[in-house]
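Computed from the coordinates by the stated procedures, all read-outs in this text should not be read as laboratory data. If you're wondering where the values come from, they're calculated on a predicted model, not measured in any experiment. Here the Cβ is made from the backbone with ideal geometry for all residues, glycine too, and neighbour counts use every protein chain on show.
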Amino acid sequence: MAVADIEDRIAHAQRHRSSIFLEDAELVSVEKFPAEQFIMRLRAPRCAERASPGSFVHIQCSEQIPMRRPLSIMRASKNDGWIEVLFKSLGEGLRALGSAEIGDVFSIIGPIGKGFVPDQQRPNTVLIGGGVGIPPMVFLAESMQSEDFDWNPIVLMGSEIPFPFDAAESKIPCDWLNADINHTMPLLDRWNVPARLASLAGFDGCFNGYVTDLSKMYLESLTEEQRQQTELYACGPTIMLQAVAKLAEGYSIPAQVSLEEYMACAVGGCAGCTVEIQSDDGPTMQRVCVDGPVFEASRVVF
């Protein structure tokens, strides 16, 4: 797709959505983890300035591959002008991106989408991430810790392959769990955000089960008054998000979920990523890219 065509679509999206930019992003650092997982830091000041938890970028992985790939933003620094993305090297495009070297430049469109909207009436926040759905939860946790408000986040993450970070024993106790379920993402520990991991793969220090089972255990440990001040936020595979929606419904707790769909243009022009949403006026088809990716879980028709 020609740059002029992309800019026309972005201009159309900008008339109705938040600011979206076409930008050349330079790769400044990369970390590789088991199972072909990568965390990349890209210098992209315009995107970093506007990024929010739940937003994503549409990246051209190689000049030889015209179709872009949507990647959730895991962190962003407005001051230093960088964003971080996490991805697993699956398919031609992401395999090409995984072979990139420091200094390589990629065309990105972003930040795209409506992100999470925390409710200060519900300061107890449960951030649930599954697999490549982990990045928005990290972004949301960091955002909450940086705000001048007394949020009380806990991050629960699940994966059936090795986690995309070097899991370590947490220094933050979780009294509602057995002491041997104690591993976390070290970055979250440094931010003083409690977090625990779940897996059926038998990893050390992890809860043996689904992350939604771990989430249910946490909710069970709360009093009814605490639950009334709690909200769930989640990103991950559709089957996990469906389980989160049922969990929230069972405890009468609101939940926001970030959906994953295949995308072509990612700025609302092609309507190729539509999902059924129950609106106040009845069922409607909405675009994950610009109407989402975050929706109220109770409104999503899974």
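Okay, here's what the table says:
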{"item": "Charge dipole magnitude, Cβ of K and R +1, D and E -1 - the chain, Cα centre, debye nearest 20", "result": "360"}
{"item": "All lysines inside 19 Å of LYS78 as judged from Cα atoms, apart from same-chain residues fewer than 8 positions distant", "result": "LYS114"}
{"item": "Residues TRP82, TRP151, sorted so that the one with the fewest Cβ neighbours within 10 Å comes first", "result": "TRP151, TRP82"}
{"item": "Among GLN242, ALA198, ILE253 - extreme Cα towards positive end, dipole of the stretch 124-255, charges at beta-carbon", "result": "GLN242"}
{"item": "Sites ALA35 and ASN178, calculated FRET efficiency, Cβ-Cβ separation with R0 30 Å, nearest 0.05", "result": "0.65"}
{"item": "Cα-centred dipole magnitude for the stretch 85-157, charges only on beta-carbon of K, R (+1) and D, E (-1), debye, nearest 20", "result": "300"}
{"item": "Contour minus Cα-Cα distance for CYS270 and ASN208 (0.36 nm per residue)", "result": "18.2 nm"}
{"item": "Share of alpha-carbon pairs per 5 Å distance bin for the stretch 3-112, given as whole %", "result": "2, 13, 24, 26, 19, 11, 4, 1, 0"}
{"item": "Alpha-carbon radius of gyration plus Dmax, which is the widest Cα pair, for the stretch 31-89 in Å", "result": "11.8, 33"}
{"item": "Radius 11 Å from Cβ of SER298, net charge of other residues (Lys, Arg +1; Asp, Glu -1)", "result": "0"}
{"item": "Using alpha-carbon coordinates, inclination of helix 211-221 to the longest axis of the chain, degrees", "result": "40"}
{"item": "Gain in span if fully extended, ASN152 to ILE65, counting 0.36 nm per residue against the direct Cα distance", "result": "27.0 nm"}
{"item": "Mean projected area in nm² (Cα convex hull; one quarter of hull surface) for the stretch 160-210", "result": "3.3"}
{"item": "Percent antiparallel among DSSP beta bridges (both partners in the chain, rounded to 5)", "result": "65"}
{"item": "Inter-label distance, nm, simple model (7 Å from Cα along the C-beta direction), LEU187/THR223", "result": "3.5"}
{"item": "Value of [θ]222 nm, deg cm²/dmol, for the chain, DSSP H segments ≥ 4, -39500 (n - 2.57) each, nearest 500", "result": "-6500 deg cm²/dmol"}
{"item": "Extension gain (nm, one decimal) between LYS216 and MET285, 0.36 nm per residue minus Cα-Cα", "result": "21.8 nm"}
{"item": "Cα-based reach from LYS246 at 14 Å (exclusive), listing aspartates and glutamates while leaving out same-chain residues under 8 positions away", "result": "ASP213, GLU231, GLU296"}
{"item": "Rg/Rh ratio calculated on Cα atoms of the stretch 124-255 (Kirkwood radius)", "result": "0.92"}
{"item": "Reachable aspartates and glutamates, given that their alpha-carbon falls under 15 Å from the alpha-carbon of LYS88 and they are not under 8 places away in the same chain", "result": "GLU31, GLU36, GLU160, GLU260"}
{"item": "Karplus 3J(HN,Hα) series, Hz, for the stretch 67-84 with 6.51 cos²θ - 1.76 cosθ + 1.60 (x for Gly, Pro)", "result": "6, 7, 10, x, 10, 5, 7, 9, 8, 8, 10, 5, 5, 9, x, 10, 10, 10"}
{"item": "Computed Rg/Rh of the chain, alpha carbon atoms with Kirkwood Rh", "result": "0.96"}
